[in-house]
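Novice: Sending over a structure as structure tokens; questions will come in a sec.
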Amino acid sequence: MVRPGAYVADATEGILRVEDLPPPRVIERSRNFKRRTCPECGRSAYRLRTGARTLHDLGDPLSGRPRDLHVVYSQHRCRHCHSYFNADMDDLALPKVRYTHRVVHTAVRLVVEDGLPYRTASWHLWRDHRVFVPFATIQNWVEAGGKKGGASRRNRLSGRGAGRVQRVHRRR
Ligand SMILES: [Zn+2]
């Protein structure tokens, strides 16, 4: 029998072991250059070494798999002013943030525009976008942006689903 409104739980609902979650699709990105312009003095600086970081992006709702960007980047040392710096990758993510801009913007919109409580926003990001963001991280982003949604306090839900994914991820 076909019932368009029938409730179907998320495929990961009830999964307790992280190995059972769908593995991420890893996309390689390069910000690796021989030379870059020194942000301090404006002169050319050679590559000293390379580094790598993994950024969690919005996942693929069709395959149900998360999506990670693996970014290889160059680290430079300026011979003129002796400063160290990394190749620019601000187009992908802010420094020290483990998520792409797309993830941060989506998370903040869920709270600020839709008034979702942080735990519910966390679960929503996993269920519909296959990216796991701890609710406290979302809270930090929203508070750093200075736009706290008034609805999020009034409308706090239990966030059971979010807690479940969190327990799974904590075991890593
Ligand atoms: Zn310099």
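Novice: Can you say whether His56 is closer than 30 Å to Thr12 by Cα and either within 11 Å of the ligand (Cβ to nearest atom) or of a type outside the set (Ser, Thr, Tyr) (or both), as far as the supplied structure shows?
Specialist: In short, yes.
So that you can scan it fast, the table gives a plain yes or no per residue for (1) of a type in the set (Ser, Thr, Tyr); (2) open to solvent by less than 60 Å² (accessible area, probe 1.4 Å):
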| site | (1), (2) |
| --- | --- |
| Ser83 | yes, yes |
| Lys96 | no, no |
| Thr100 | yes, yes |
| Arg109 | no, no |
| Arg127 | no, no |
| Val133 | no, yes |
| Trp141 | no, yes |
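Novice: Which pairs turn up if I take residues in the range 18-36 that are under 15 Å from Thr54 (Cβ atoms) and look for partners that are aromatic (Phe, Trp, Tyr) and surrounded by 14 or more Cβ atoms within 10 Å (Cβ to Cβ) with beta carbon separation below 8 Å, at least 6 apart in sequence or on another chain?
Specialist: Pairs found: Ser30/Tyr73; Arg31/Tyr73.
Novice: Let me ask something else about it. Anything in the range 111-125 that is open to solvent by 50 Å² or more (accessible area, probe 1.4 Å) and not in a helix (DSSP H, G or I)? List them, or say none.
Specialist: Matches in the range 111-125: Glu113, Asp114.
Novice: Please work out if Asp57 is under 17 Å from the mean Cα position of the chain (by Cα), acidic (Asp, Glu) and either over 26 Å from Ser122 (Cβ atoms) or assigned to a loop (DSSP other than H, G, I, E, B) (or both).
Specialist: Working: under 17 Å from the mean Cα position of the chain (by Cα): yes; acidic (Asp, Glu): yes; either over 26 Å from Ser122 (Cβ atoms) or assigned to a loop (DSSP other than H, G, I, E, B) (or both): no.
Here the answer is no, as Asp57 does not meet what is asked.
Novice: Suppose we keep only residues that are surrounded by 18 or more Cβ atoms within 10 Å (Cβ to Cβ) and among the aliphatic types (A, V, I, L, M) within the range 59-81. Which one would you say is farthest from the ligand (Cβ to nearest atom)?
Specialist: Leu69
Novice: For the range 61-92, what are the residues that are touching a Lys or Arg at 6+ places or on another chain (Cβ under 6 Å) and of a type outside the set (A, V, I, L, M)?
Specialist: Arg65, Pro66, Arg67, Tyr73, Ser74, Gln75, His76, His80, Tyr84
Novice: Just name the residue that is farthest from the ligand (Cβ to nearest atom) out of those in the range 21-48 that are assigned to a strand (DSSP E or B) and charged (D, E, K, R).
Specialist: Ranking the candidates gives Arg25 first.
The values are calculated or read from the model by the stated rules, or taken from the named source; none is laboratory data. All values derive from a computational prediction rather than experimental measurement. Heads up, the Cβs are rebuilt from the backbone with ideal geometry, glycines too, and the neighbour counts pull from every protein chain shown. All accessible areas refer to the heavy atoms of the entire protein, side chains included, with ligands and DNA or RNA removed. Shrake-Rupley method; radii C 1.70, N 1.55, O 1.52, S 1.80 Å.
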